[in-house]
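Down below is the structure, laid out as structure tokens.
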Amino acid sequence: MSLLNREQSLSVPDIPELLRFLFMTNKTKTADIISKTRLSGPSFNLKNRMLRVVWDLAYLMFFRFTPRPLHSWRVFLLRCFGARLGQHCHVYPKVKIWAPWNLEMHDYACLANDVICYTQARITLQERVIVSQGAHLCTGSHDYNDPDFPLFARPISIGKDAWVCADAFIGPGVTVGEGAVLGARAATFKNLQAWQVYSGNPAQPVKQRRIRASSHE
């Protein structure tokens, strides 16, 4: 059953009301990005920056150095900061998450050590998505043709059963189709088609992914 259809997966019981108010209602929107001239100051408003300071402190004290098997604890902490996580999600302690309130993981999704989730916009991982070590999911970039070099942020969505391999890079606004594979150290700035295997920089399709019948059936 989908995370979005199961209310208990989205509920966050026994969380202090202050955290619920600050983080469950906060989403990084275009309005949070400040229009500015080149190098004139911060790109995000004060509320966004203060929330990230609180998260950075909590990450260092309660997340980063936790034992690897404590996935339930890290899931609980991310929910405290507004992440929407389903059941049996695995988030390893060396994952770097810019703003957890822009992270959505459905059942059995996994973020391995050293993954970077640059969640200036929402990142969504559907059921059974695996993001391997060192991969970078980057929702933010700059318009280098504009003299003011403005920041922009666009969401990333990764479909069911997709695999983002080690050290791969996914750019802003990309949708990865169901069952797609982005190979090790590949980089993509365009959508990936379902059940295709991609490699290279820029990523190109190399073959179709075919799932064999399970030996346990």
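For Val206, the residues 5 or more places off, or on other chains, whose built amide H falls under 5 Å of its own are Val197, Tyr198, Ser199. The 3J(HN,Hα) values that the Karplus relation (6.51, -1.76, 1.60; θ = phi - 60°) gives for segment 69-74 are, in residue order, x, 7, 5, 4, 5, 5 Hz. Gly and Pro appear as x. Once the gyration tensor of the Cα atoms in segment 69-125 is diagonalised, the equivalent ellipsoid follows with semi-axes of 15, 12, 10 Å, ordered largest first.
When the alpha-carbon atoms of segment 94-174 are used, the pair Rg, Dmax equals 12.8, 44 angstrom.
Checking the Cα-Cα distances for Lys96/Lys160; Lys47/Lys190; Lys94/Lys160; Lys94/Lys207 against a 28 Å cut-off, the pairs over it are Lys47/Lys190; Lys94/Lys207. Kindly identify segment 67-217 as rounded, prolate or oblate by the Cα gyration tensor criterion: order the square roots of the eigenvalues as a ≥ b ≥ c, call it rounded if a/c is under 1.5, otherwise compare a/b with b/c, prolate if a/b is larger, else oblate. It is oblate, given that a/c is not under 1.5 and a/b is not larger than b/c.
Just so you know, all these numbers are worked out from the coordinates, no wet-lab data involved. Here the structure is a predicted model, which means the values were calculated and not measured.
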